[in-house]
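K.L.:
Next up is a structure, given as C-alpha cells.
What follows is calculated from the coordinates using simple rules that are stated; it is not laboratory data. It should be emphasised that the depicted structure is a prediction, and the values quoted were computed from it without experimental measurement. Cβ coordinates were reconstructed from backbone atoms using ideal geometry, including for glycine residues, and neighbour counts include every protein chain displayed.
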Amino acid sequence: MISYIKGDLFSHKAPSGTTLLVHACNCRGLWGAGIATSFRKRFPSTYHKYVDFCKQHSDNPAGLLGKALILPSEALDPGKAGVYVVCLFTSDFAGKKKLQPLDIVYYTRQAMRSLHAQLPKLGGVETAGGKVVLNMPKINAGLFDVPWPKTEEALKEFDLQINVYALD
C-alpha cells in the first residue's frame with residue numbers, strides 16, 4: 001500500500017522499530033545532486049559505505065543494477081543513528097548517461113525484490129498493520145526523469161507499507 005505524506009522525508013519518526021529511508025541510486029558511487037545530497041549530508045557514514053561498495057564493483061558497475069543495499073546509520077551522523085538508508089540501484093549513471101525510463105522502472109522492480117528478500121534478516125524494523133514500512137521520496141521522478149506513475153505502478157506490486165513524502 002502506498003500512502004502520500006506532505007512533509008520532509010527526514011522528519012519521519014518510527015513509533016517503534018528502526019526507520020527505513022529509501023532512495024534510488026546510480027551505480028557509480030555519486031550522491032551529488034537531488035535528494036541524494038540530503039542523504040549525504042544527513043548520513044555521511046552511509047554515503048561512505050555506499051561509495052566503498054560501488055568501488056568494490058567498479059570493474060562492473062552495471063552489475064549492481066536491480067540490487068538493494070541496506071546501510072545502517074551511525075551515532076555521529078547528523079541525521080541520527082537508528083536509521084537504515086536503503087539504496088535501490090535503478091540506473092547505472094545519472095545525468096545525460098542515465099538509463100531510459102522503462103529500464104529504470106525494470107531495475108526498480110528488481111531492486112525492490114532484492115530489498116524484500118533482505119528484510120527478514122533485518123528484524124526490528126518499523127511495521128504498520130503487519131507490513132514493513134518504507135519511507136521514500138518519489139524515487140526516480142527527479143534526476144532520473146521517470147514519470148512517477150510508472151514507478152508507482154512498480155511499487156504497488158510489493159506487500160509493504162510505502163510512505164511517499166513530498167514537500168509540495
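K.L.:
State the extension gain, in nm to one decimal, for the chain segment bounded by residue 5 and residue 76, taking 0.36 nm per residue of separation less the distance between their alpha-carbons.
P.N.:
22.8 nm
K.L.:
Right, here's the next one. Tell me, what is the FRET efficiency for residue 59 and residue 16 to the nearest 0.05, using R0 = 35 angstrom and their Cβ-Cβ distance as r?
P.N.:
For residue 59 and residue 16, the calculated efficiency is 0.25.
K.L.:
Checking the cross-link filter: which aspartates and glutamates have an alpha carbon closer than 18 Å to that of residue 41, excluding same-chain neighbours under 8 positions apart?
P.N.:
Residue 41 reaches 8, 52, 74, 77.
K.L.:
Here's another thing I want to ask about it. Please identify, among 91, 45, 11, the residue showing maximal mean-square fluctuation in a Gaussian network model of the chain using a 10 angstrom Cα cutoff.
P.N.:
11
K.L.:
Regarding segment 33-104, what are the three Cα extents along the principal axes, ordered largest first, in Å?
P.N.:
Largest first, segment 33-104 extends 37, 24, 15 Å along its Cα principal axes.
K.L.:
Could you list, in their original order, any pairs among 96/150; 67/97; 6/55; 131/156 whose Cα atoms are separated by more than 25 Å?
P.N.:
6/55
K.L.:
Apply the Kirkwood formula to the chain: the hydrodynamic radius equals the inverse of the mean of 1/r over all pairs of different alpha-carbon atoms; give it in Å with one decimal.
P.N.:
Here the Kirkwood hydrodynamic radius works out to 15.8 Å.
K.L.:
According to a simple spin-label model (label point 7 Å from Cα along Cα-to-Cβ), what is the distance in nm between residue 118 and residue 150?
P.N.:
Between residue 150 and residue 118, the simple spin-label model gives 2.4 nm.
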